[in-house]
Structure formats: structure tokens, C-alpha cells
Amino acid sequence: MRVLNIMMARGRGGLENAALDTHEALTLAGCAVTTVLNASGEMRARFPQTADVISFHSPFAWDPTAGFRLKRCLKDRPFDVILAHGNRAARLAQSLRRQAPLILDCHTTNYSARNMIDDIDGAIVLTQHYRNVMLKAGMPENKMRLVPNAVRIGPEPQPLPRREPIIIGGLGRLVPNKGFDVLLEALSILKAEGINFHCIIHGVDEQGHTTAMEDLRDKLGLNDADVTFPGWTTDPQTFLRSLDIFCMPSRREVLSIALLEALSAGRPIICTRVPGLEDVFQDNIEGLFVDIEDHKGLAEALKQLITEPARRETMGHAARERSRRFDIVTIGIELRDALQSLCALNSKA
């Protein structure tokens, strides 16, 4: 199967990493994959040099010449299906829809895919919750396939020594949806209670900075000894394996790759009850769920795991086992089969 994999975002967040994972997963499943990336984006360097990647220049969301130029770039690269990641990629791919079915991979947290039902030939949804959202919007059930994001499992993680302070970690863009302000409020409660910890949060805001979060940290009575913001990490797997607890206080998510990576690192998780994430892990088994925006509940959950090292260890083992469900080889086969079935459906139509 020949897959055209399109992603036009420019950053290094979940959408961008999902496009990279998709390329690798489908390649492992025996597909011939061509990926189109924004020429001004940051992801090309993370693709293997041997990967078939087209760096496409399209500086504006509305570019009337983009479709023509993309067709010209692809004239010697036949494809059987188009897999678009994100709204901009789906809009760009409209010009190619006569050549192959256009399938939207639904990553967006604002459910904008609901407005594109008439413009796509099928959808990959990452969670049961997103499937239900699309059903209510009018997407035919037979045009959807549920395939979650993938993770590279890697070698077995080494057990951590029991240490003080324990290390809490977060990973993601420093934007409101990620809820790191709620985490800082929870940590200020722990500090007031005399609980010892150190928290490391990797990521930057939309301007590439960490200063706004550092200012909020200082305002809440925390300091650099309590919470550090080192920027993006180039090695998230090693970072996650260094943690005692992974915390994801998001207000909105679809299916966070960082969350899957934390599972594979064998670390206990504290996560907000974002709809759909109950598909990822079980409360009190691999980690703990807390309510969105509930900084007091988050502080209590952190306190529980900080003071119960045996429970952290048990949850970490369970998390590692759970991560096998999302192994990139398994997901690649599921995604290939899903695309083949959607193509067959469209050929019959």
C-alpha cells in the first residue's frame, strides 16, 4: 500500500510527532510512505535521512497555488490513500482527493474535524470518545476506524532508587490547554505542607519561551529549587525514565504521546480526567485520575504517591505492561489495515 502522509504544522508538539510515528509505523507494516512536511517546520530533522520526505513551502493557511504546486511535487510518486494530520493538511489535500481517498487522522482537541465530514472520505479516531463526537456530528460509523497513537516501547526500564526529593515531571507545550499552571498551584500546596519534591517541566510556549511559567512559579512562592523549566528535551524517553512520577494536568487532550511514553517508561501517572483518556490507563492501577482544574485534588494525588513508594513501584510495573498495547509495530499493522478497509469502502462507493 502506498500512503501519502501529510502534516503541515511547524512545531514539535503531539501533532508533529504523530506524523513521524505514523511514517515509521506504516513503514514497519510494509507500506511505502511519502510524507509531506512544512518546509519551515522543525520536524524534518527528526525523520530518517532515508525516509521519502517532501519539504513543501506553504507560508499561509490560505494559499490558492498550494494544490497545484503539491500535485507537481507528487507527479512521480503514486499513492493509494492520503492520510492528513490536522486541519491545514486536510485542506491542502483537497486538491488530491480525486486521485485517492482522503482520510483525516483526528488529533485536534477542538473537534474541528466535525466541520470537515463532507470533505473527507474517512477518519482515524484515537479514542472512543472522539468516535462518539464524530458520530454525533454526522460522520457515518462505517467511515471511521479507531486506531490509537503509537509509542516505541524500548528496553525494560531500570528500577529507580528510593530517593529524596522525588522527581515529578511534565512534558508538553507551555500553553493553557496543558494545565501546567494547575500543577504549579498543586505544588505550592505541597511546599506549604513541607513535602519535599523537585519538579521538571520540559517544553516552551508558542513564542519558544519559558519565562511566563517561571514568573507564575515565583508568584506562587516556588523557586528554581522546586520547579525548573529547561525548555524542550531532545530525549524524552530518557527524561521520563528518570522520573518518579509523571504528571499530565491537561484541560484538553486527544491522546497524548507523552502519556504513552510515560507508560512505556514504567512510571506511575497522575492525569486529569480528560474525556477519552480512560482508554489509556485505569485509575488506581497504572496511575491516578484527578478532575480537570482541581489543583487541590492534584496536590492530594501527588502527596499519596510521594509518600507511598511501594505503590509507585507497583503502578510503574503496571504502566509498562499497559504500554505494550500501543507498541508501534502493533499500531502500524492496525493503521495499515484500517486504511486498506477505508480504501476498499471508497472503491465500492
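The values are calculated or read from the model by the stated rules, or taken from the named source; none is laboratory data. Every value quoted in this text rests on a predicted model; they were computed, and no experiment measured them. Ideal geometry is used to build each Cβ from the backbone, glycine not excepted, and the neighbour counts take in all protein chains shown.
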(message) I'm trying to understand the selection: among the residues of segment 253-277, which are surrounded by fewer than 19 Cβ atoms within 10 Å (Cβ to Cβ) and in contact (Cβ under 8 Å) with a residue 40 or more places away in the chain?
(response) P275
(message) Take the residues in segment 97-109 that are touching a residue at least 24 places away in the same chain (Cβ under 8 Å) and part of a loop (DSSP other than H, G, I, E, B); name whichever of them is nearest to the chain's Cα centre (by Cα).
(response) H107
(message) Checking G194 against (1) within 25 Å of R241 (Cβ to Cβ); (2) among the small types (G, A, S); (3) in a loop (DSSP other than H, G, I, E, B), only one condition comes out false. Which one?
(response) (1)
(request) Find the residue count for segment 297-334, including only residues that are within 27 Å of R163 (Cβ to Cβ) and part of a helix (DSSP H, G or I). (result) 25
(request) Under 7 Å between Cβ atoms, at least 6 apart or on separate chains: pull out the pairs that start in segment 72-96 with a residue that is buried (at least 23 other Cβ atoms within 10 Å of the Cβ) and end on any residue that is polar (S, T, N, Q) and at pLDDT 90 or above. (result) L83/N5; L83/T22
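I'd like to verify a number: residues in segment 110-134 that are more than 22 Å from G67 (Cβ to Cβ) and either among the hydrophobic types (A, V, I, L, M, F, W, C) or part of a strand (DSSP E or B) (or both), how many? Give the derivation first.
Let us first name the residues in segment 110-134 that are more than 22 Å from G67 (Cβ to Cβ), namely 110-111, 114, 124-134.
Cutting the leftovers down to either among the hydrophobic types (A, V, I, L, M, F, W, C) or part of a strand (DSSP E or B) (or both) gives us 124-126, 133-134.
Residues that pass the stated criteria total 5.
Take the conditions among the aromatic types (F, W, Y), part of a strand (DSSP E or B) and at pLDDT 95 or above and apply them to F289. Does it pass?
Numbers: among the aromatic types (F, W, Y): yes; part of a strand (DSSP E or B): yes; at pLDDT 95 or above: yes.
So F289 passes the test.
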(message) I'm told Q207 meets every condition in (1) of a type in the set (S, T, N, Q); (2) part of a helix (DSSP H, G or I); (3) free of Cβ contacts under 8 Å to residues at least 12 places away in the same chain except one. Can you identify the failing condition by its number?
(response) (2)
(request) Go over the candidates D244, D294, D279 one by one and state the one that is modelled with pLDDT of 95 or more and more than 28 Å from P161 (Cβ to Cβ). (result) D294
(message) Can you report the number of residues in segment 137-172 which are within 24 Å of the chain's Cα centre (by Cα), in a loop (DSSP other than H, G, I, E, B) and over 21 Å from G14 (Cα atoms)?
(response) 4
(request) Could you check how many residues of segment 57-90 are under 28 Å from D337 (Cβ atoms) and not in a loop (DSSP other than H, G, I, E, B)? (result) 10
(request) Any residue in segment 153-165 that's free of Cβ contacts under 8 Å to residues at least 40 places away in the same chain: show its pairings with residues that are of a type in the set (S, T, N, Q) and assigned to a loop (DSSP other than H, G, I, E, B) at Cβ separation under 6 Å, as long as the two are six or more apart or on different chains. (result) E164/N196; P165/N196
(message) Out of the residues in segment 226-252 meeting the condition of being over 22 Å from T109 (Cβ atoms) and among the charged types (D, E, K, R), tell me which one is surrounded by the fewest Cβ atoms within 10 Å (Cβ to Cβ).
(response) D235
